[in-house]
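Let me begin by presenting the structure, written as structure tokens, before commenting on it.
The values are calculated or read from the model by the stated rules, or taken from the named source; none is laboratory data. The model shown is predicted, which means the values in this text are computed figures rather than measured ones. Neighbour counts run over all protein chains shown; Cβ positions are idealised from the backbone, glycine included. Only protein heavy atoms, including side chains, enter the accessible area calculation; ligands, DNA and RNA are left aside. Shrake-Rupley method; radii C 1.70, N 1.55, O 1.52, S 1.80 Å.
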Amino acid sequence: MSDGYLGLGSNIGDRRAHLQAAVDALPAHGVDVLASSSVYETEPVGLVLDQRSFFNACVRIETSLGPEELLDACKVVEQSIGRRAGVRHGPREIDVDVLLLDGVTYSSERLTLPHREVTSRRFVLVPLLELDPELALPEGERLADALAGLEGQDVVHAGPPLI
């Protein structure tokens, strides 16, 4: 079994309900959710800034799935909640991103671990560090140090953990 972390985001409809639906659906796809961060409201980042703010959270998971199989499970969960193909960084019912998996460094056409943006996004780092303040990348970079170096990107507590 491998431990890992997933990032969850939603900015369409009942945002918290979408995050909760993802947490509830993951176990049926071989992904046990061990802990959840609080839910945070965050401003959009990326290519599409003129959209509703997001609700974001991170979950600590345990799975026997490999990186590609875990990504497949996340995609199935997204589709089951109503995620459709759209504009990159655009509005979405749910986003389930594989952030870290058991200290693994991995790269394919579909997936890079650790996630390429894990150290540059406050909306990922704040909930990740809530789950584990000492969390580090496989090469040893402490995520708390990455967060300390970031400016901007409002991240506001919006509710209790999902489990």
Expected output for segment 129-144 (first residue under 13 Å from CYS58 (Cα atoms), partner polar (S, T, N, Q), Cβ below 9 Å, 6+ apart or cross-chain) is LEU129/SER37; GLU130/SER37; GLU130/SER38; LEU131/SER36; LEU131/SER37
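Would you pick out the residues in segment 22-39 that are within 20 Å of LEU131 (Cα to Cα) and out of contact with any Lys or Arg (no Cβ under 9 Å at 6 or more places or on another chain)? Quick ask: steps written out before the conclusion?
Initial filter on segment 22-39 (within 20 Å of LEU131 (Cα to Cα)): 22-24, 26-27, 31-39.
Those that are within 20 Å of LEU131 (Cα to Cα) and out of contact with any Lys or Arg (no Cβ under 9 Å at 6 or more places or on another chain): ALA22, VAL23, ASP24, LEU26, PRO27, VAL31, ASP32, SER38.
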Taking first residues from segment 10-25 that are farther than 18 Å from GLU43 by Cα and open to solvent by less than 30 Å² (accessible area, probe 1.4 Å) and second residues anywhere that are of a type outside the set (Lys, Arg) and in a helix (DSSP H, G or I), the pairs with Cβ under 8 Å that are 6 or more apart or on different chains are ALA22/VAL77; ALA22/GLU78; ALA22/ILE81; ALA25/VAL77; ALA25/SER80; ALA25/ILE81
Listed by first then second residue, the pairs whose first member lies in segment 148-163 and is free of Cβ contacts under 8 Å to residues at least 40 places away in the same chain, whose partner is hydroxyl-bearing (Ser, Thr, Tyr) and open to solvent by less than 60 Å² (accessible area, probe 1.4 Å), with beta carbons under 9 Å and at least 6 positions apart or on separate chains, are GLY149/THR119; LEU150/THR119; LEU150/SER120
Residues of segment 42-64 being open to solvent by less than 70 Å² (accessible area, probe 1.4 Å) and touching a residue at least 60 places away in the same chain (Cβ under 8 Å), in sequence order, are THR42, VAL45, PHE54, PHE55, ASN56, ALA57, CYS58, VAL59, GLU62, THR63
Filtering segment 99-143 down to residues that are hydrophobic (A, V, I, L, M, F, W, C) and open to solvent by 30 Å² or more (accessible area, probe 1.4 Å) yields VAL104, PHE123, VAL126, LEU131, ALA136
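When you scan segment 95-104, do you find a residue that is over 16 Å from the mean Cα position of the chain (by Cα), closer than 20 Å to ARG52 by Cα, at pLDDT below 95 and not aromatic (Phe, Trp, Tyr), even just one? Don't jump to the end; show me each part of the working.
Within segment 95-104, the first condition is being over 16 Å from the mean Cα position of the chain (by Cα), and the residues that meet it are 103-104.
Applying the additional criterion that residues be closer than 20 Å to ARG52 by Cα yields none.
No, every residue in segment 95-104 fails to be over 16 Å from the mean Cα position of the chain (by Cα), closer than 20 Å to ARG52 by Cα, at pLDDT below 95 and not aromatic (Phe, Trp, Tyr).
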